[in-house]
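Scroll down for the structure; my scribbles are underneath it.
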Amino acid sequence: MNPLVDRVRARLADAGGETGPAAVAAAVRAESGGVASDLDVLAALRTLRQEFTGAGPLDALLRDPATTDVLVTAPDAVWVDRGDGLRRTPVTFPDEAAVRRLAQRLALAAGRRLDDASPCVDGRLADAGVRLHAVLPPVAAGGTAISLRVLRPASHDLSALRRTGTFDATGESLLHAIVAARLALLVAGGTGSGKTTVLNALLGAVDPGERIVTVEDAEELRPRHPHVVRMVARPPNIEGSGGVPLRELVRQALRMRPDRIVVGEVRGAEVGDLLAAMNTGHDGGACTVHANSVREIPARMRALAGLGGMSPAALDGQLAAAVQVVLQMRKRPGTGRVLEEIGVLGRGEDGVPVVAPAWTLTSGTGPGMTELRTMLRERGVGAPC
């Protein structure tokens, strides 16, 4: 380890203040004292600039416009996803301590705490448009783990997604009709399957005269629409106070004269409040949820509602009355993210919600299309196929 780097690091830590490029350069000049060689000074500046500014050695990966995720699992194991799966990169850190320092600095930049007393963090680097998750040892048994998700501005409308192969022309026409008819929908899929991208595009297709209120745990939705109010949940501070949970924001959204209420992702008890809102005259609502297939959505929603004390029977009744359409996204190796299925949510003979496929990317129209056409016609929207 370069002793000059250690001395500069100690000086900056003792100062407890600014660690920008100018402060780092000044500390290097002060600690070198004219004794260190030019090469040592340059090496120290390069090392410390990576450590104290931006995302350090991960900056180049995050600046790549194709990057969606950067993951660090060990000092010599940095992975990147550019839309075609994870690939190991040549980027490395000197040691575990360097990974830990980066994780703690990024947490601080996100306004969060990351230390032995609070070893997990989830936040957003606002200036960089990056969502951060980090875990310290011993919770992360193999060493500090950093996960960075690049939050790109909404750059794709429905037409652009059709051109990139997310769905075909029939799928695009159906999505436009669903938005125009103000049908409530759930966008389901796994992590990184494109749920937020499609939801952004759908919201961009909403009539400009409507008011959209979005509620999120971490800000990701930025639709191209002239009237959007974005609200983001706030975790409690170190003392355990000041938190604003997602379900409280859903309740507040009801008082904001919304035309559409959108929840970025339902993860818990807020599902009950969202469905209640959709059942009180707020048509066209939407949310995303983690589910492996459209047929698993009712069971997934029951599990989430149970966290808020809602019984399965109550959830089934609310869900079937509030939501009309479900979209299933999937990340396919080699072909990227696709809209795999559009389904219609209804009730089975036993009253339990079931999903009938109306359209699939591989097979076209399905048995649920008749029901979907009926719902569109009832709302004055012509069925595209």
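Every number here is computed from the coordinates shown, using simple stated rules; none is lab data. In this text, all values refer to a predicted model and were calculated from it rather than measured experimentally. Quick reminder, even Gly has a Cβ in these numbers, built from the backbone with ideal geometry, and neighbours come from all protein chains shown.
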**Q.** Table column - 3J(HN,Hα) (Hz), the stretch 66-73, Karplus curve with 6.51, -1.76, 1.60, x for Gly and Pro
**A.** 8, 6, 10, 9, 10, 10, 10, 10
Q. Which listed residue (LEU161, MET231, ALA140) has the Cα farthest towards the positive end of the charge dipole for the stretch 125-240, taking +1 on Lys and Arg C-beta and -1 on Asp and Glu C-beta about the Cα centre?
A. LEU161
**Q.** Cα-based radius of gyration of the stretch 191-231 once divided by 2.2 N^0.38 Å, which approximates compact folds
**A.** 1.14
Q | Kirkwood-based Rg to Rh ratio, the stretch 112-187, C-alpha trace | A | 1.22
(Q) Bin width 5 Å, origin at 0, all Cα-Cα pairs of the stretch 98-242: what percent of pairs per bin? (A) 2, 9, 15, 18, 15, 13, 10, 8, 6, 4, 0
Q: Restrict the search to the stretch 227-322; then list the GluC sites (Glu not before Pro) that DSSP places in a loop and that have at most 13 other Cβ atoms within 10 Å of their Cβ.
A: GLU239
**Q.** Mean shadow area of the stretch 299-376 over all directions, Cα convex hull, nm²
**A.** 6.4 nm²
Q.
Give me the tail of P(r) for the stretch 92-146 as a percent: Cα-Cα pairs with distance above 19 Å.
A. 21 percent
(Q) Need one number: nm distance between label points at ARG88 and SER293, each 7 Å from Cα along Cα→Cβ, rounded to one decimal. (A) 3.4 nm
**Q.** Debye intensity ratio I(q)/I(0), log10, the stretch 243-385, q values 0.08, 0.12, 0.17 Å⁻¹ (C-alpha model)
**A.** -0.23, -0.52, -1.02
Q: Considering the convex hull of the alpha carbon atoms of the stretch 56-165, report its projected area averaged over all viewing directions, in nm², one decimal.
A: 7.4 nm²
Q) For the stretch 218-287, max minus min Cα coordinate along each principal axis, in Å, sorted largest first? A) 39, 27, 21
**Q.** Sparsely packed GluC sites (Glu not before Pro) within the stretch 304-385, loop by DSSP, other Cβ within 10 Å at most 16
**A.** GLU349
(Q) List the residues, sorted by chain then number, that are 5 or more residues from ARG230 or on another chain and whose placed amide H is less than 5 Å from its amide H. (A) THR214
